[in-house]
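Participant: The structure under discussion is supplied below as C-alpha cells; questions concerning it will follow.
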Amino acid sequence: MTTCRMTLRVRYAETDAQGIVHHSRYLVWFEEGRSDFLRQNGVRYTDFEKSGYFVVVVRAELDYKAPAFYEDEITVETTLVRQRGKVLEFSYQAFNDAGVLLATARTVHVVVDRNRRPVTLPAEFLEKLV
C-alpha cells in the first residue's frame, strides 16, 4: 500500500467561534489528500472524468482525536487500502506539526460511467494506483 503525504495550513475561515477547526473541514482536507494521492501517482480526477469515469463517495467514516487550530500546519496522510473491481477504499490520518494525531477516516468509492452505472476503472488507471 502506498501512502502519500501533503501539508496544509489551517485558515481562519475553517475555524469556529472557539478558534477550533470545524469538524466538517476534515472531509474537505481528506478529499484534497485523495486528489493529491492521485496526482502523486500520475493520475488526476480530471483524467478520470475526461475518460468518462466518475469516482463517487458511498461511505465516509471519521474519528476525531484532538482539535486543530488556526494557523496549525496539518499533514494529511492518504493510503489506498483497497482496490477491487468497481470499489476504491482510502484511509486517512491528519496530524498537527507537533505530530499529534487529530483525526482518522476512511472513505469508500464506487466508480461509475457517464450513465451512472458502476464500472471498473481501466487497467491504465489501476496500474498507477497500486
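Participant: Enumerate by residue number the chymotrypsin sites (Phe, Trp or Tyr not before Pro) in segment 56-97 meeting two conditions: DSSP loop (anything except H, G, I, E, B), and at most 15 other Cβ atoms within 10 Å of the site's Cβ.
Facilitator: Within segment 56-97, the qualifying chymotrypsin sites (Phe, Trp or Tyr not before Pro) (loop, at most 15 other Cβ atoms within 10 Å) are Y70.
Participant: Give me the distance in nm between label points sitting 7 Å out from Cα along the Cα-to-Cβ direction at L27 and E71, one decimal.
Facilitator: Modelled inter-label distance: 3.0 nm.
Participant: Can you work out the Karplus-derived ³J(HN,Hα) for every residue in segment 31-39? Use 6.51 cos²θ - 1.76 cosθ + 1.60 with θ = phi - 60°, whole Hz, and x for glycine or proline.
Facilitator: Values, residue by residue: 5, 5, x, 5, 4, 5, 4, 4, 4 Hz.
Participant: Among the GluC sites (Glu not before Pro) in segment 34-130, which ones are in a DSSP loop with at most 13 other Cβ atoms within 10 Å of the Cβ? Mind listing them?
Facilitator: E71
Participant: About its Cα centre, what dipole magnitude does the chain give when the only charges are +1 on Lys and Arg Cβ and -1 on Asp and Glu Cβ, stated in debye to the nearest 20?
Facilitator: So the magnitude is around 620 debye.
Participant: Work out the charge dipole of segment 1-105 with +1 on the Cβ of Lys and Arg and -1 on the Cβ of Asp and Glu about the Cα centre, then indicate which of A68, S35, N96 is farthest towards its positive end.
Facilitator: Going by the Cα projections, it comes out as S35.
Participant: Here is a further query. Take the Cα atoms of the chain, build their convex hull, and give its volume per residue in Å³.
Facilitator: Enclosed volume per residue, from the Cα hull, is 106 Å³.
Participant: For segment 4-71, what is the largest minus smallest coordinate of the Cα atoms on each principal axis, given in angstrom and ordered from greatest to least?
Facilitator: Cα spread of segment 4-71 along its principal axes, largest to smallest: 44, 23, 20 Å.
Participant: What full-extension length gain, to one decimal in nm, is calculated for E124 and A13 as 0.36 nm per residue of separation minus the Cα-Cα distance?
Facilitator: Gain on extension, E124 to A13, equals 36.1 nm.
Computed from the coordinates by the stated procedures, all read-outs in this text should not be read as laboratory data. Source: prediction; values computed, not measured. Ideal geometry is used to build each Cβ from the backbone, glycine not excepted, and the neighbour counts take in all protein chains shown.
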